[in-house]
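Quick note: the coordinates plus some simple rules give every number you see, no bench work behind them. Worth saying up front: this structure is predicted, and the values here are computed from it rather than measured. Here the Cβ positions follow ideal geometry from the backbone for every residue, glycine too, while neighbour counts run over all protein chains shown.
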Amino acid sequence: MSWARRILVHASESAWLRERASHFRFVQRASQRFLPGENLDDALSAARRLAANGVTSLITHLGERAEATAVTRDYLGILDRIHAAALPAEISVKLTQLGLDIDRDFCFANLMQLVEASSAGAAPNSVWIDMEHSTYVDATLDLHRRARQSQPNVGVCVQAYLRRTAKDVDSLVAMGATVRLVKGAYSEPPAIALEKKSDVDENFFRLSQMLLSPEARRARVRAAIATHDGAMIARISAWAASQSIPKSEIEFAMLYGIQSAEQLRLAREGYRSCVLVSYGSYWFPWYMRRLAERPANLWFVARNLFSN
Ligand code: FDA
């Protein structure tokens with residue numbers, strides 16, 4: 001991990017910096033590139049615009065650290081709005097927001113409320129579970145597995161930078177799971193995470209192959225390949241074509257505001273294209289992780305500082 005990336009990932013974890021920096025207008029303006037706004041209406045409008053172009057949405061709320069019961073209620077409200085508007089949208093949640101640090105069973109009960117509400121709509125869809133720091137991976141996979149035992153419409157994210165992930169993907173493929181593959185956005189020690197970007201990329205490709213393998217497709221795995229890496233998308237698409245996998249069975253996912261033209265191109269060409277739309281007032285840590293992924297984005301922040 002480069003020094004710039006390391007600093008930005010640490011910045012994303014600093015409450016002191018969040019308190020101060022998120023009040024600066026130029027930081028707020030720069031963040032708007034990746035966030036349609038602070039309100040649910042802003043996120044739903046973005047989802048509607050994407051849907052008009054054949055792109056589905058994944059909505060996540062970057063709220064203040066609230067009580068888990070309140071967060072669950074908040075997501076139930078989001079699901080109501082998605083169902084009422086018949087939007088092709090799903091939700092993505094962090095288990096720590098649903099009470100994972102307090103009690104695993106309490107968190108599970110909150111998760112199940114969302115999974116059940118999500119399956120009750122006219123067009124049942126999945127609740128996605130984000131993957132957080134490596135210390136949460138076992139608990140996250142455990143709660144995902146328990147949830148799947150009663151409802152199939154729950155998906156989980158796995159991170160290609162973790163050395164353990166091929167083994168986790170093996171188990172997820174065997175259960176025919178719904179899986180989002182990402183490279184990974186947190187700071188992790190080399191004992192458990194690959195350090196070189198080229199190694200992470202290679203593992204990402206290998207894991208994509210596992211998730212699109214004949215065995216995975218027979219087990220009805222739904223795989224969302226979440227990356228903005230154009231070369232990787234081209235490599236996976238070319239490999240999938242060589243295996244005669246129809247484009248309609250390949251799902252790519254990206255973040256709102258990043259590679260927007262590519263999101264539309266993929267949908268136009270017949271792939272499933274999905275965009276994670278984040279909204280809310282607690283955007284600073286999330287935004288810092290986006291800067292860490294591409295420190296060149298800092299120029300955009302700097303431009304906003306001098307643009308007024
Ligand atoms: P990579 O970092 O390899 O960069 C390749 C190219 O993509 C760059 O050269 C640039 O062109 C473009 N790019 C990448 N990031 C950019 C940015 N921020 N701004 C502008 N351009 C950028 N992580 C996690 O740990 N847990 C999770 O639950 C999730 N969930 C999730 C959902 C979805 C839908 C996505 C797309 C991503 C996540 N992530 C995540 C984040 C993920 O782990 C990873 O940090 C980012 O996707 C960046 O890696 P890439 O593979 O996109 O590109």
For the chain, which DSSP H helices look membrane-span-like by this rule: Cα extent along the axis of 20 Å or more and mean Kyte-Doolittle of at least -1.0?
68-84, 104-119, 137-150, 197-211
What shape does the range 118-239 take by its C-alpha gyration tensor, where a ≥ b ≥ c are the square roots of the eigenvalues and a/c under 1.5 counts as rounded, a/b above b/c as prolate, and the rest as oblate?
oblate
Normalised contact order of the chain, rounded percent, pairs of Cα under 8 Å and 6 or more residues apart:
27 percent
Restricting to bridges with both residues inside the chain, how much of the DSSP beta-bridge set is antiparallel, in percent to the nearest 5?
5 percent
Select from H83, I102, Y287 the residue farthest towards the positive end of the dipole of the chain; place +1 on Cβ of Lys and Arg, -1 on Cβ of Asp and Glu, and compute about the Cα centre.
Y287
Classified through the alpha carbon gyration tensor (a ≥ b ≥ c as square roots of its eigenvalues; rounded if a/c is under 1.5, else prolate when a/b is larger than b/c, else oblate), the chain comes out rounded
What is the set of long-range amide H partners of V127 at a cut-off below 5 Å, with H atoms built 1.01 Å from backbone N?
V154, G155
Out of T227, T60, T69, any idea which swings most in a Gaussian network model of the chain, alpha carbons joined below 10 Å?
T69
Computed for the range 189-303: size of charge dipole around the Cα centre, +1 on C-beta of each Lys and Arg, -1 on C-beta of each Asp and Glu, debye to nearest 20, value 240 debye
Test item: Cα-centred dipole of the range 36-282, Lys/Arg +1 and Asp/Glu -1 on Cβ, debye:
840 debye
Relative contact order for the range 186-285: what percent, with Cα pairs under 8 Å and sequence separation of 6 or more?
20 percent
